[in-house]
1. Taking the options His223, His219, name whichever one is under 15 Å from Thr79 (Cα atoms) and crowded, with 20+ Cβ neighbours inside 10 Å.
2. Considering every residue within the range 89-109, establish whether at least one is surrounded by fewer than 17 Cβ atoms within 10 Å (Cβ to Cβ), among the basic types (Lys, Arg), free of Cβ contacts under 8 Å to residues at least 24 places away in the same chain and out of contact with any Gly (no Cβ under 6 Å at 6 or more places or on another chain).
3. Across the range 172-202, what is the number of residues that are closer than 30 Å to Leu17 by Cα and either β-branched (Val, Ile, Thr) or surrounded by fewer than 19 Cβ atoms within 10 Å (Cβ to Cβ) (or both)?
4. For the range 119-131: of the residues being of a type in the set (Val, Ile, Thr) and out of contact with any Phe, Trp or Tyr (no Cβ under 6 Å at 6 or more places or on another chain), which is modelled with the highest pLDDT?
5. State which residue is nearest to the chain's Cα centre (by Cα) when the search covers only the range 134-179 and only residues that are of a type in the set (Ser, Thr, Tyr) and over 12 Å from Leu114 (Cα atoms).
6. With respect to Gln268, determine if the residue is surrounded by 14 or more Cβ atoms within 10 Å (Cβ to Cβ), outside any loop (DSSP other than H, G, I, E, B) and at pLDDT 85 or above.
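The values are calculated or read from the model by the stated rules, or taken from the named source; none is laboratory data. Every value quoted in this text rests on a predicted model; they were computed, and no experiment measured them. Cβ: placed from backbone, ideal geometry, glycine included. Neighbour counts: every protein chain shown.
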Amino acid sequence: MDRMNRPIIGYDWFSELHMLLRHFPPNRGKNPLPPELHYATHAYQFMHHAKHGRIRLMPFSGFELTQPNEDTIHVDGLTSELHAIFFGRQLRVATGAAKYGGSSSRGCKIDQQLKALVNDNVVPNDPLVKEYVDRFLNFLYVNRLKPFWTQVPVYNAKMLLATTIDLFVIDLTIDHTQHSNILNLQLKSGFDENYNRSDGCLKSPVCNSEIIRAIPDTHSNRHMIQNMVEHLIVQKEYGAPLHNSEIVVLSENLISRHPLLHDIELEQHIVREIKLRKTTTKCEMHIQQVRADYARKAVINKIISKKKDTINKCAKVLQKKH
């Protein structure tokens, strides 16, 4: 690997904040943590003691919410619900990912390695994605975005939706004495081409919103809608800890930032469509079908990923023998 792709600072820089928050919770009196961690401390504690209960991801079946009385209920996953409501099909626009060996399994491995590093201080070691991870870490350090939590399950009781936040960071360029310095970063990889190329427009099957139906159906707009709803979930359910949310696109030759632009009217139409998604039988049946498709795809990707790992291990053994 090129030396320029290696982290320009020790890996500990990316995990030390999570270690602080995990092992040194604030006392009721003096807070022993640095002042720039004020908002991160609040968010970390708030999410661990959510008023409606604890949320966790259940493999292939969405999320499970454990309520204060210890009863559990199923909560729909954000990605499949948005796909069913607003998109309805796979976007017929090539991203160029296959050209560079990209796949959804690579994106999952990047998420896993970031979680291991930020949450558990385990250095990334998978050669298939380490270069991507290190490039992203360099990007964070250069832009003074310090991680403090990754792969965080969150939910909203009114929308009955849950999702997993890719990465919470502290933006060290923001004056923490005046504003929250927390950003929600949604990481996307494998979008090397046609990120803004459209294939029709978004759908509004329940409310028939002209505002939604006028939005071009592009990879960038699909990600924007997802990022918007993520932001609303965190702000409304967890005490509004965020300064903003952003999409970070990690492609083969470029890393780009796409801050969320807040359109209040669009947000209202999106939330209304989500809340009313189960009021029509046709929409509910379509959503169930999409959920089933996502579950099958997740199983297939896991099988493919395991096969690739086995092939790579065999290749390494053969290389050593020769």
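1. Within the list His223, His219, the selection yields His219.
2. Within the range 89-109, one or more residues are surrounded by fewer than 17 Cβ atoms within 10 Å (Cβ to Cβ), among the basic types (Lys, Arg), free of Cβ contacts under 8 Å to residues at least 24 places away in the same chain and out of contact with any Gly (no Cβ under 6 Å at 6 or more places or on another chain).
3. 8
4. Start the filter on the range 119-131 by keeping residues that are of a type in the set (Val, Ile, Thr), which leaves 122-123, 129.
Remaining after also requiring out of contact with any Phe, Trp or Tyr (no Cβ under 6 Å at 6 or more places or on another chain): 122, 129.
Working: Val122: 90, Val129: 82.
Checked the range 119-131; the qualifying residue modelled with the highest pLDDT is Val122.
5. This residue is Thr164.
6. Judged against the criteria, Gln268 is not a match.
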